[in-house]
Amino acid sequence: MDAFFVDLGRRVREQWQAVDFSLAAFPDIARTALEVNPPATRVDLTALIRSFLRDDEQPYQTASGFGQPELVVFDDPRFYIQLLFWLDGTTQIHQHEFSGAFHVLAGSSLHAEFAFANVRPVTAHFRLGDLRLTGTELLETGRTVPITSGAGSIHSLFHLETPSVTVVVRTHSDPGTGPQFTYLPPHVAVDPFFSDALATRRLQLLDVLDRTGAADYAEVVRSMVATLDYERGFFTLQNCFVALHERGEWEETWNIFAEKHGALAAYAAPTLEEIVWCDRLVSLRSSIEDADHRFFLALLLNVPRAAEILRLVAGRFPGDPVGTVLGWAEELSESSDEGTWILDAKYPAEEEDEGKEAPLDRFLATLTRCLKCETEPTDAARRDALARSSLRALVA
Ligand SMILES: [Fe+2]
């Protein structure tokens, strides 16, 4: 067992017991303990990993799939301390059924916080509402943030370095604060621990029909959507979204869902589109190796407003953030006979008019004006191309 975390755990237990294990007091006790003895400066991670691999005297390990992986480094009946390793950048937007505090032990993370308003429960495991970003910040190594359970604390952490490691001092579970909803922006909350095995098997079976080229695939999906409840219908549309678009069958299928669910259907369309937009950007990011470019794409994925993006860039890179972003945009651009690309924003060659400027320079000039909130009538088509792409936040 790691002596530092045993000592940290004992201190937290002593302080919490002194206030009769008050749940309301726990986040502050956990945060203070991590700030007084910051693991980022006190823990030798390399030695801890070697010791965990060799020493059999360890706290009870859970079967949790959260973290890549999770190590439990202190265990008590009322709380525990976990180390979470992260190799991929993304964690979904979520709330907690536990409380405490987390601390960035290694790497850094982009932290985004949200509020979910106008909530309309559909089932106990599925809700509709309006998810709104309330703030973003970069958490550098050594930062500590309290966690409260329930819908009052909704967040996501996008880990920027590989690996990033967080220490979490947390309760096991806070009664009455579940489900631990995961949020699909802009309108859906789902319980990730609810298992609807029949629905899961049906979606897997639909994938079999898709991949084996079944001629009646879209017809089968439509017959399901026509009778399924909202929750299962939504997940069926999510599962089949790309395949139906590729087959030119989306509109007809969507119309059946929209007609069946009336006003509530309006929550589903932008959410499904957002899922596909995020998947595309995550896959684009996985093909990029340069650390600064990966940072840029992490911002595009997580921060919807240009002003916020520029503020976060300025916090990490010296100089004018507009110039830094334009430099990355240029490095991520390419031109061919077909047109000009900045990342996945394409401006077709046939729409170029004669002029002295090279097409890429014009595209970058449009992006510059967007970032500076300047308007220029001739930018309209290029601005539309940017707004449909992964760069949409920069023109918002
Ligand atoms: Fe969290």
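The values are calculated or read from the model by the stated rules, or taken from the named source; none is laboratory data. Note that the coordinates shown come from a computational prediction; the quantities given were computed from them, not determined experimentally. Cβ placement follows ideal geometry from the backbone for every residue including glycine, while neighbour counts extend to all protein chains displayed. For the accessible areas, the whole protein counts, side chains as well, though only heavy atoms, and no ligand, DNA or RNA atoms are used. Shrake-Rupley method; radii C 1.70, N 1.55, O 1.52, S 1.80 Å.
Assess whether residue 52 counts as being in contact (Cβ under 8 Å) with a residue 40 or more places away in the chain and in contact with a helix residue (DSSP H, G or I) (Cβ under 9 Å, 6 or more places away or on another chain). So residue 52 does not fit the description; no. Among the residues making up region 333-350, those that are open to solvent by 30 Å² or more (accessible area, probe 1.4 Å) and either touching a residue at least 60 places away in the same chain (Cβ under 8 Å) or of a type outside the set (Gly, Ala, Ser) (or both) are 334, 337, 338, 341, 344, 346, 350. Among the residues making up region 63-99, those that are open to solvent by 60 Å² or more (accessible area, probe 1.4 Å), more than 18 Å from residue 160 (Cβ to Cβ), more than 16 Å from the ligand (Cβ to nearest atom) and assigned to a loop (DSSP other than H, G, I, E, B) are 63, 69, 77, 78. Residue under question is residue 280, and the condition is that it be modelled with pLDDT under 95 and either open to solvent by 20 Å² or more (accessible area, probe 1.4 Å) or not in a helix (DSSP H, G or I) (or both); does it hold? For residue 280, the condition - modelled with pLDDT under 95 and either open to solvent by 20 Å² or more (accessible area, probe 1.4 Å) or not in a helix (DSSP H, G or I) (or both) - is met.
The residues in region 181-215 that are touching a strand residue (DSSP E or B) at 6+ places or on another chain (Cβ under 6 Å) and either assigned to a loop (DSSP other than H, G, I, E, B) or open to solvent by 90 Å² or more (accessible area, probe 1.4 Å) (or both) can be counted, and the count is 5. Filtered by the rule that a residue be free of Cβ contacts under 8 Å to residues at least 60 places away in the same chain and either within 20 Å of residue 80 (Cα to Cα) or away from the ligand (no atom under 14 Å from the Cβ) (or both), region 138-148 gives 140, 143. For region 185-193, indicate whether the set of residues that are at pLDDT 95 or above and in contact with a Lys or Arg (Cβ under 7 Å, 6 or more places away or on another chain) is non-empty. Looking through region 185-193, at least one residue is at pLDDT 95 or above and in contact with a Lys or Arg (Cβ under 7 Å, 6 or more places away or on another chain). Can you say whether residue 160 is surrounded by 18 or more Cβ atoms within 10 Å (Cβ to Cβ), free of Cβ contacts under 8 Å to residues at least 24 places away in the same chain and away from the ligand (no atom under 15 Å from the Cβ), as far as the supplied structure shows? The answer is no for residue 160. Just checking, how many residues over region 18-38 are touching a residue at least 60 places away in the same chain (Cβ under 8 Å) and either touching a Phe, Trp or Tyr at 6+ places or on another chain (Cβ under 7 Å) or β-branched (Val, Ile, Thr) (or both)? Qualifying residue count, region 18-38: 1.
For region 24-46, check the following and say yes or no: at least one residue is at pLDDT below 95, assigned to a loop (DSSP other than H, G, I, E, B) and crowded, with 18+ Cβ neighbours inside 10 Å. Within region 24-46, none of the residues are at pLDDT below 95, assigned to a loop (DSSP other than H, G, I, E, B) and crowded, with 18+ Cβ neighbours inside 10 Å.
The condition (being among the aliphatic types (A, V, I, L, M) and within 27 Å of residue 136 (Cβ to Cβ)) is satisfied by just one residue among 188, 242, 208: 188. A single member of 303, 282, 313 is in contact (Cβ under 8 Å) with a residue 12 or more places away in the chain, under 30 Å from residue 206 (Cβ atoms) and among the aliphatic types (A, V, I, L, M), and it is 282. For region 100-113, filtered to residues that are surrounded by fewer than 20 Cβ atoms within 10 Å (Cβ to Cβ) and within 12 Å of the ligand (Cβ to nearest atom), the residue that is nearest to residue 168 (Cα to Cα) is 111.
The listed residues are 308, 289, and the only one of them that is outside any helix (DSSP H, G or I) and of a type in the set (D, E, K, R) turns out to be 289. Looking across region 318-332, the residues that are open to solvent by 40 Å² or more (accessible area, probe 1.4 Å) and in a loop (DSSP other than H, G, I, E, B) come down to 318, 319, 320. Taking first residues from region 89-106 that are closer than 23 Å to residue 184 by Cβ and partners that are part of a loop (DSSP other than H, G, I, E, B) and within 11 Å of the ligand (Cβ to nearest atom), the Cβ contacts under 7 Å between residues at least 6 apart in sequence or on separate chains come to 94/180; 95/180; 96/149; 96/180; 97/149; 97/180; 98/149.
In region 249-265, the residues that are outside any helix (DSSP H, G or I) form Cβ pairs under 7 Å with partners that are open to solvent by less than 40 Å² (accessible area, probe 1.4 Å), at six or more places apart or across chains, as follows: 249/218.
Check whether at least one residue in region 120-137 is within 28 Å of residue 32 (Cα to Cα), of a type in the set (Ser, Thr, Tyr), surrounded by fewer than 19 Cβ atoms within 10 Å (Cβ to Cβ) and at pLDDT 95 or above, and report yes or no. Yes, region 120-137 contains at least one residue that is within 28 Å of residue 32 (Cα to Cα), of a type in the set (Ser, Thr, Tyr), surrounded by fewer than 19 Cβ atoms within 10 Å (Cβ to Cβ) and at pLDDT 95 or above.
Every condition in (1) touching a helix residue (DSSP H, G or I) at 6+ places or on another chain (Cβ under 8 Å); (2) within 16 Å of the ligand (Cβ to nearest atom) is met by residue 116 except one, and the failing one is (1). Taken together, the criteria exclude residue 170 from residues that are open to solvent by 10 Å² or more (accessible area, probe 1.4 Å), modelled with pLDDT of 95 or more, part of a strand (DSSP E or B) and more than 12 Å from the ligand (Cβ to nearest atom).
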